[in-house]
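To start, the structure under review is shown below, and the notes come after it.
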Amino acid sequence: MSGETAITVSATVNGRRQTFTCEARETLADALRRRCQVRGVHLGCEHGVCGACTIRFDGVTARSCLMFAPQADGAEIVTVEGLADGDELHPLQEAFSRHHALQCGFCTPGFLMVAQELLAEGGPLTEEVVREAISGNICRCTGYHNIVEAILAVADARSGEAEK
Amino acid sequence: MKAAAFRYHRATSLDDALAVMADDDEEVRALAGGQSLVPLMAMRLSRPEVLVDLNGVDALAGVALDGGHLRIGAMTRQRDVERSPLVAEHLPLLRTAIGHIGHVTIRHRGTIGGSVAHADPAAELPAAVVALGAEMVLASTGGTRVVPAEEFFDSYLVTAVEPGELLVEVRFPLGAVPARHGMAEFTRRAGDFAVAGAIVLADVAADLTVRRARVVPMAVDPAPRRSARAEELLVGRALDDGVIREVAAAVAAGCGPVDDIHGSAAYRRDLVAEMTRRALARLRQGAGE
Ligand SMILES: Cc1cc2nc3c(=O)[nH]c(=O)nc-3n(C[C@H](O)[C@H](O)[C@H](O)COP(=O)(O)OP(=O)(O)OC[C@H]3O[C@@H](n4cnc5c(N)ncnc54)[C@H](O)[C@@H]3O)c2cc1C
Ligand code: FES
Ligand code: FES
C-alpha cells in the first residue's frame, strides 16, 4: 500500500493565492472547505449527482467532489464566495433572494454557479433552456419554479439593458 | 464517502504516463475526467494504488481531420467534441449522442476516452463508436495497436484495454458508414443513463429505399453491438412504418436485457423496440434528434 504522503497544492481561490497540504485522496471539495475555508462549497451526495459542490475550475463549472485536491495545483478556482463584489451581491444572488428561490439554501451555491455560467454564455434564455441547464442540480425545497423565475429575471433585466 | 488511499502521479507526457502504467506490481489506473472513476473510488468499488492523472497531457486532447479519418484524442472533453465544427460537419451523430450525457458540467470534465474505456453498456459514446465503425488506438511502453470498436467492448465495464495500456485516440473513418442518423433514448430524469435507447445510421434514397444501415441498441446487452438482423431487414427496403415496426421487433427479440433497479428485462425489451422505432422515424425525417 502506498503511504499517505502529504502533497502541497497551490491554487488561486476567488482571486487569492492559497497554498495548502493535503492527502492525495482528499476531494477538492473537502480541501476547499477545510484548508481554504470556503464553506459555500456544499457537499450533498459526495458522488457527483446533486450539484451542490459545483465550482468554476479554470473557467468552466465542475463538481468539486469529483476531483482530488492535488488536481487543483496551478488552477484558477471560483466558488460562490467569489460571486459578490464586496458587499454588493451578484445580480443572481439578488434575484434568488427577491424571488424566494431558496428555502434551506443548501443547494443554492451550486445553482448560482451553474446559472452564472449559463448567463455568461450570453445566448437567448427561455424557460426550457434554463430548466435544461439546472437539470443536474437537485433542490429538495423549492420545487425549482422560483429558481427558474430568478434566473429568467436576471436574463430579462440584461436584455432590457442591452436594448436601451 | 472517501476514497481509499492512493499515490497520485500527474503525468507530464504520454511517455511519462505509460511508464507509470507499465508498473505491474501495483494496481495503476488512469484518471481522465473522473466523472465515473471518482464516484467508484468514493464508494470503494474501485481502490487503485496509483492514479495517473492524464489531465496535464495536452497531446492527448484535440480533434483533427487527417486524410480519410477524423481523429479525436482520448482526453478531449465531451463538451469540446460536442462543440467541434469538424464533428458537426463529419460526425453529427457524435454531437447528438453527447447531448444526452449527463449535464453540461459533467461534459466539461468528462472525456471521450474515459467514457469509451469505462464501457458502461448504457452509455452513449460506446454505442456511438460502434455505430460509426471507429477504431481505438491503444498505446503501452511496448508500442501501439488498433482495435476496431466492434472488437473493443467485451462486457459490462470490460474492454480490450490490457494492463499497462492507455486508450490514446478514437479514430473515425469517414464515408465508411451511412451519413444519416437517428437516435432515441429513454431516461427517468433528464441526464440520467438510458434505461434503453437506440442509434441508427442509414443511407436512404429519395424513394426511401435503404442502401446501407447500422443499428445499435443501447442498455440492453452487456456491451454495445450491432443488430445484424435489424440491418438485414432494412437494406433494400423502403423505410415505411411497417418496416420500421418489423425492425423494432427484431431488435427487441435479438437483445439480452437484464432486470435491475431501473427496470425489468421485459420492460427494457418493450422500451428498446419503441426507441428503435423513434430513432428510425427521426432518421427518416432527417431530424437526427
Ligand atoms: C451526474 C452524472 C451523470 C452522468 N450521466 C451520464 C450519461 O447520461 N451517459 C454517459 O454515458 N455517461 C454519464 N456520466 C459519466 C460520464 O460520461 C463520464 O465522464 C464517463 O463515463 C467517464 O469519462 P471520464 O473522462 O470522466 O473518465 P474517468 O472517470 O476518469 O475514467 C473512467 C474509467 O476509464 C479509465 N480511463 C479513462 N481514460 C482512459 C484512457 N485514456 N485509457 C485507458 N483507460 C482510461 C479510468 O481508469 C476509469 O477506469 C455521468 C456522470 C455523472 C457524474
Ligand atoms: S456533493 Fe458533489 S455533486 Fe453532490
Ligand atoms: S433550498 Fe433547500 S435544497 Fe434547495
Quickly run through region A:106-139 and pick out the residues that are assigned to a helix (DSSP H, G or I) and more than 21 Å from A:V41 (Cα to Cα). A:E121, A:E127, A:E128, A:V129, A:V130, A:R131, A:E132
Does A:F111 qualify as being of a type in the set (F, W, Y), more than 16 Å from ligand 1 (Cβ to nearest atom) and either more than 14 Å from chain B (Cβ to nearest Cβ) or under 28 Å from B:L40 (Cβ atoms) (or both)? no
List pairs: first residue in region B:99-121 and free of Cβ contacts under 8 Å to residues at least 40 places away in the same chain, second residue outside any loop (DSSP other than H, G, I, E, B) and of a type in the set (V, I, T) anywhere in the structure, Cβ distance under 7 angstrom, at least six positions apart or on different chains. B:T105/A:T54; B:T105/A:T61; B:T105/A:V114; B:R107/B:I98; B:H108/A:V60; B:H108/A:T61
So which residues in region B:138-164 are more than 10 Å from ligand 1 (Cβ to nearest atom), part of a strand (DSSP E or B) and either of a type in the set (G, A, S) or surrounded by fewer than 19 Cβ atoms within 10 Å (Cβ to Cβ) (or both), if there are any at all? B:S140, B:G143, B:T144, B:R145, B:V146, B:V147, B:P148, B:D154, B:S155, B:V158
Any chance A:V129 is among the β-branched types (V, I, T), surrounded by fewer than 19 Cβ atoms within 10 Å (Cβ to Cβ) and at the interface with another protein chain (Cβ under 10 Å from one of its Cβ atoms): no
Complete set of residues in region A:1-37 that are touching a residue at least 12 places away in the same chain (Cβ under 8 Å) and within 14 Å of A:C65 (Cβ to Cβ): A:R25, A:E26, A:T27, A:L28, A:A29, A:D30, A:A31, A:L32
If A:G123 passes every condition in (1) within 16 Å of ligand 3 (Cβ to nearest atom); (2) without any contact (Cβ under 8 Å) to a residue 12 or more places away in the chain but one, which one does it miss? (1)
If B:A17 passes every condition in (1) part of a helix (DSSP H, G or I); (2) facing chain A (nearest Cβ under 10 Å) but one, which one does it miss? (2)
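Rundown of residues vs (1) without any contact (Cβ under 8 Å) to a residue 24 or more places away in the chain; (2) within 19 Å of B:G102 (Cα to Cα), yes/no style:
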{"site": "A:F96", "(1), (2)": "no, no"}
{"site": "A:F111", "(1), (2)": "no, yes"}
{"site": "A:L119", "(1), (2)": "no, no"}
{"site": "A:S135", "(1), (2)": "yes, yes"}
{"site": "A:A157", "(1), (2)": "no, no"}
I'm checking my understanding of the structure. Among residues of region B:108-166 that are hydroxyl-bearing (S, T, Y) and touching a helix residue (DSSP H, G or I) at 6+ places or on another chain (Cβ under 7 Å), which one is farthest from ligand 3 (Cβ to nearest atom)? B:T141
For region B:225-248 the number of residues that are touching a helix residue (DSSP H, G or I) at 6+ places or on another chain (Cβ under 8 Å) and either crowded, with 17+ Cβ neighbours inside 10 Å or outside any helix (DSSP H, G or I) (or both) is 11
Qualifying positions in region B:262-289 - assigned to a loop (DSSP other than H, G, I, E, B) and under 16 Å from B:P222 (Cα atoms): B:H262, B:S264
Working only within region B:87-131, note down all residues that are outside any helix (DSSP H, G or I), among the hydrophobic types (A, V, I, L, M, F, W, C) and surrounded by fewer than 24 Cβ atoms within 10 Å (Cβ to Cβ). B:I101, B:A119, B:A122, B:A123
Select from region A:81-105 the residues that are assigned to a loop (DSSP other than H, G, I, E, B) and acidic (D, E) and list them in ascending order. A:D87
Single residue of A:R35, A:R56, A:R16, A:R25 found to be basic (K, R) and either surrounded by 21 or more Cβ atoms within 10 Å (Cβ to Cβ) or closer than 21 Å to A:C139 by Cβ (or both): A:R56
Considering region A:59-99, residues that are hydrophobic (A, V, I, L, M, F, W, C), more than 16 Å from ligand 1 (Cβ to nearest atom) and surrounded by fewer than 16 Cβ atoms within 10 Å (Cβ to Cβ), and then whichever is nearest to the chain's Cα centre (by Cα), we arrive at A:A84
Right, B:L37: within 11 Å of chain A (Cβ to nearest Cβ) and in contact (Cβ under 8 Å) with a residue 40 or more places away in the chain or not? yes
The condition of being within 30 Å of A:I134 (Cβ to Cβ) and within 16 Å of ligand 2 (Cβ to nearest atom) holds, among B:G114, B:G99, B:G110, only for B:G110
Of those in region B:165-179 that are outside any loop (DSSP other than H, G, I, E, B) and near ligand 1 (Cβ under 10 Å from one of its atoms), the residue nearest to the chain's Cα centre (by Cα) is B:V170
Single condition A:G44 does not satisfy, out of (1) assigned to a helix (DSSP H, G or I); (2) surrounded by fewer than 19 Cβ atoms within 10 Å (Cβ to Cβ): (1)
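Can you say whether B:G102 is on the phi > 0 side of the Ramachandran plot and either out of contact with any strand residue (DSSP E or B) (no Cβ under 6 Å at 6 or more places or on another chain) or within 14 Å of another protein chain (Cβ to nearest Cβ) (or both), as far as the supplied structure shows?
So B:G102 fits the description; yes.
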Please go through region A:15-52 and give me each residue that is of a type in the set (S, T, N, Q) and more than 9 Å from chain B (Cβ to nearest Cβ), ordered by number. A:Q18, A:T19, A:T21, A:Q37
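Throughout, read-outs are computed from the coordinates displayed, never taken from laboratory work. From a predicted model like this one, the values you see are computed outputs, not experimental measurements. For neighbour counting, all protein chains shown are included, and Cβ atoms are generated from backbone atoms with ideal geometry for every residue, glycine included.
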